[in-house]
Each structure stands twice: as C-alpha cells, then as structure tokens.
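Read-outs: derived from the displayed coordinates by stated rules, not from any lab. Since the model is a prediction, treat every value here as computed from it, not as a measurement. Glycine also receives a Cβ, built like all others from the backbone with ideal geometry; neighbour counts cover every protein chain displayed.
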Amino acid sequence: MTTPIQEVIVTARADALAERLEQGAAALAALASGLSDAQWRTRIPKDGRKVGVVVHHVASMYPLEIQLAELLAEGKPVEGVTWAAVDAINAQHARDYDAVTKEAALDLLRRNSNVAAAVIRLFNDEHLDQAAPVSLNADAPLTCQFILEDHAVRHSYHHFAKIRAALVG
C-alpha cells in the first residue's frame, strides 16, 4: 500500500492495532531476551519447535501477514493460502533456523514488528473495513482488521503463551 506521506492521517483504530502489535512483540522480546541458552533450545510441547525458532518464526511472519492484510485493504481476495501451505512454510522455517541465535531472532523481531506497526498505521477505517474472500478461512469474506487481529497482532501473544507454558510447566 503506497500512500503519499502528506496524506497519511493515523486513525484511532489503526493506531490501536499497531500499539497492540508493538506490545505483543515487546512482551515476546522481553521474555526471550531473559532466556538461558538451555531455555532458548527448549522444544515446545505439541509444537516440537525450539523456543528460539518460534521467536524467529513470529518475526519472520510479520511481512507476509501484513501483505495479506494489504490485499484485503485493497478489496482483493487472499487466494492460494492453505493450512497445508502454512504447515509447510513453518516446517521449512524450523529446519532453516534450527540454530538461530537469540541476537538474530530478537533483531528480526524488533525490525519486522516496527515495520508491521508502521504499515498498520497507514490503514484508514475504510481499509480496515474492507472485506474479501480469504482462502485460509474457507473463502469467508473477512475484513482487513480481522486478518490483522487474527494474525499479525495475535501471533506474538499466541506464541508468548506457548513459550511461557513450556518453560514453566
């Protein structure tokens, strides 16, 4: 989404979404930064990925999640995205980043969450209300705001809870 800077007026809704994304990313970063090397390598039950891989995963998915929201903001459908494709992407990511360092993952989390929040702030209320079919959700017509909340905004909170449960329980 390209909007001339002089025309950008951040709406309250977009700003609130961006702030929630920033808060989730900051909480995940704070948790991850305090982990020992052994905790960083702990596998998450039922998921199987290491904590560090999951932190990097959250960071690496922000651009794709924002891209999907941008499609909806333009009234375009999200096509070809399936849970099988998501599973394949996640599995390949886990193999590729099995030895990711804490520093690399936290740097990517910081950079990508900052960019994601900045892009969210470019959406106006009309963009957020725009709906189109989403293949990941049985082609249900979903709004840009729903996709943001269900993916980019929620993602860090979801994995934060899984990581904390794996390390405490």
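Given (1) more than 29 Å from Asn137 (Cα to Cα); (2) surrounded by 13 or more Cβ atoms within 10 Å (Cβ to Cβ); (3) of a type in the set (Ser, Thr, Tyr), where does Ser36 come up short, assuming only one miss? Only one criterion in (1) more than 29 Å from Asn137 (Cα to Cα); (2) surrounded by 13 or more Cβ atoms within 10 Å (Cβ to Cβ); (3) of a type in the set (Ser, Thr, Tyr) is unmet by Ser36, namely (2). Whenever a residue of the range 37-50 is free of Cβ contacts under 8 Å to residues at least 40 places away in the same chain, its partners that are not in a helix (DSSP H, G or I), lying with C-beta atoms within less than 8 angstrom and at least six residues away or across chains, give the pairs Arg41/Lys50.
Filtering the range 137-161 to residues that are farther than 16 Å from Val86 by Cβ and assigned to a helix (DSSP H, G or I) leaves Cys144, Gln145, Phe146, Leu148, Glu149, Val153, Ser156, Tyr157, Phe160, Ala161. For the range 128-158, filtering for residues that are touching a residue at least 40 places away in the same chain (Cβ under 8 Å) and under 10 Å from the mean Cα position of the chain (by Cα) leaves 9. From the list Ala140, Ala118, Ala131, the lone residue that is under 22 Å from Leu28 (Cβ atoms) and among the small types (Gly, Ala, Ser) is Ala118.
Counting just the residues of the range 60-99 that are aromatic (Phe, Trp, Tyr) and either in contact with a Ser or Thr (Cβ under 6 Å, 6 or more places away or on another chain) or part of a helix (DSSP H, G or I) (or both), which one comes out surrounded by the fewest Cβ atoms within 10 Å (Cβ to Cβ)? Checked the range 60-99; the qualifying residue surrounded by the fewest Cβ atoms within 10 Å (Cβ to Cβ) is Trp83. Against the numbered list (1) more than 28 Å from Ala165 (Cβ to Cβ); (2) touching a residue at least 40 places away in the same chain (Cβ under 8 Å); (3) over 12 Å from the mean Cα position of the chain (by Cα); (4) surrounded by fewer than 17 Cβ atoms within 10 Å (Cβ to Cβ), Val115 comes up short only at (3).
Looking only at residues of the range 100-112 that are farther than 18 Å from Arg154 by Cβ and touching a residue at least 60 places away in the same chain (Cβ under 8 Å), we find that the one that is surrounded by the most Cβ atoms within 10 Å (Cβ to Cβ) is Ala105. If you go through the range 41-59 and keep only what is surrounded by fewer than 18 Cβ atoms within 10 Å (Cβ to Cβ) and not in a loop (DSSP other than H, G, I, E, B), you end up with just Arg43.
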